[in-house]
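Colleague: There's a structure below that I have some questions on.
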Amino acid sequence: MKEVFMDGRNWKNQDDVYDSFFRAVGAPSWHGRNFNALNDSIGAGRINRIEVPYCLVIQNHDLIREGARKMAGDFITLIRELKGRGCEVDVRVENSTPEAESPA
């Protein structure tokens, strides 16, 4: 499965999370900024330049700022739910340092 990278180092708010995903998959400028739109573009496909199967790798997870943390967590949950419904997508989080605590 190919890996698609997103860097959480500078995420300060929910728009930063959306922008990072949109850049990573080559989303069109008209892509919606809500979870229904994400569900459609990832699960149904034929919207983004990069389509599933892929594994989203969120780098520097431990550096995500407070204003983006909930959005990042909800985004990870969405990806895991899509995978659970049979979509060929996965997510992996990586911290900036090995000793940083991993998310549950």
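The values are calculated or read from the model by the stated rules, or taken from the named source; none is laboratory data. Every value quoted in this text rests on a predicted model; they were computed, and no experiment measured them. Reconstructed Cβ throughout: ideal geometry from the backbone, glycine too, with neighbour counts over all protein chains shown.
Colleague: Within the stretch 52-82, how many residues are under 13 Å from the mean Cα position of the chain (by Cα) and either under 15 Å from residue 5 (Cβ atoms) or of a type in the set (D, E, K, R) (or both)?
Modeller: 18
Colleague: Within the set of pairs 6 or more residues apart or between chains, which connect a residue that is within 9 Å of residue 72 (Cβ to Cβ) inside the stretch 3-14 to a residue that is in a helix (DSSP H, G or I) and among the polar types (S, T, N, Q) with Cβ atoms less than 8 Å apart?
Modeller: Note: pairs meeting the criteria are 8/20; 11/20.
Colleague: Could you say which residue among 89, 93 is among the aliphatic types (A, V, I, L, M) and touching a His at 6+ places or on another chain (Cβ under 7 Å)?
Modeller: 93
Colleague: Another one. For a quick check of your reading of the model, give me the residue pairs whose first member lies in the stretch 90-104 and is more than 15 Å from residue 9 (Cα to Cα) and at pLDDT 55 or above, whose second is among the basic types (Lys, Arg) and not in a loop (DSSP other than H, G, I, E, B), with beta-carbon atoms closer than 8 Å and at least 6 apart or on different chains.
Modeller: Short answer, once both residue conditions are applied: 90/83; 91/80; 91/83.
Colleague: Which of the helices (runs of 4 or more DSSP H) found entirely inside the stretch 5-104 contain at least 3 residues meeting this: surrounded by 13 or more Cβ atoms within 10 Å (Cβ to Cβ) and of a type in the set (A, V, I, L, M)?
Modeller: Helices (runs of 4 or more DSSP H) meeting the threshold: 14-25, 66-84.
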